[in-house]
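Encoded as structure tokens, the structure appears first; notes follow it.
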Amino acid sequence: MTEIFPGRYTARTEAPLVLFLVGMRFNKLWAVHEWGPVLLAMPRMLAELRRTPGTGFLSARTFVSGRIILVEQFWESFEKLLAYAHDRDSAHFPAWVAFNRAVGQDGTVGIWHETYLIEPGKFECVYSNMPRFGLAAVASHRPAEGPLSSAADRMRSL
């Protein structure tokens, strides 16, 4: 069972981390033959990352909203994320090539990503009555009290 932490908590990190958001949108719902392989590629990549230490991958969580699937990933560094993306022996590279061959720019399925560098002292977050979630699942999980009680304080303090 997931442990719930009653009260308010925040996350802190002493080293930079990377938040990578990647997703897809079903633009033509009836074109399963085109978006199906795209949909199935991400679980293979995540399984590979979870069983391969040293990639820099820290965690992932998947969210579904209407026609959009979003995967939130945390990485140790941007360099390690890029190394995985360009590794011809990883599950990502052949999936990317297959997507470009099968779908390319035909509009059947959309894919996107956003990458954010999270630096110590340049972010703030709070979690109330939650399990370890988001940044708190990969960074130091601390009570949001005293010098960490307000959003402004969390943004200022290291």
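Readers should treat all values here as calculations from the given coordinates under stated rules, not as data from a laboratory. These numbers come from a predicted model, not from an experiment. No Cβ is skipped: glycine too gets one built from the backbone with ideal geometry, and neighbour counts run over all protein chains shown.
One table, with the values for the structure above:
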item: Net lengthening on full extension, Ser65/Leu82 (0.36 nm per residue, minus Cα-Cα); result: 3.4 nm
item: Fully extended contour minus Cα-Cα distance, from Glu114 to Ala152, at 0.36 nm per residue; result: 11.2 nm
item: Among Gly110, Ala152, Thr13 the positive-end extreme of the charge dipole of the chain (Cβ point charges); result: Gly110
item: Value of Rg to Rh for region 1-156 (Rh from inverse mean 1/r over Cα pairs, i.e. Kirkwood); result: 1.03
item: FRET E, pair Ala31, Leu58, Förster distance 30 Å, beta-carbon r, rounded to 0.05; result: 0.35
item: Volume per residue that the Cα convex hull of region 42-134 spans, once the total is divided by residue count, Å³; result: 138 Å³
item: Expected 222 nm ellipticity per residue - DSSP helices of 4 or more, -39500 (n - 2.57), all of the chain, to 500; result: -9000 deg cm²/dmol
item: Where trypsin sites (Lys or Arg not before Pro) in DSSP loops with at most 10 other Cβ within 10 Å are excluded, longest remaining stretch of the chain; result: 1-87
item: Point-charge dipole on Cβ atoms (K/R +1, D/E -1) for region 30-158, about Cα centre, debye to 20; result: 240 debye
item: With Cα atoms, 0 to 90° folded angle of helix 92-102 axis to the chain main axis; result: 40 degrees
item: Cα gyration tensor shape for region 62-108, rounded if a/c is under 1.5, else prolate or oblate; result: oblate
item: Rg over Rh [alpha-carbon atoms, Kirkwood Rh] for region 85-158; result: 1.21
item: Computed lengthening from Asn100 to Phe5, 0.36 nm per intervening residue step minus Cα-Cα distance; result: 29.8 nm
item: Neighbour net charge for Arg12 - beta-carbon separation under 11 angstrom, K R +1, D E -1; result: 0
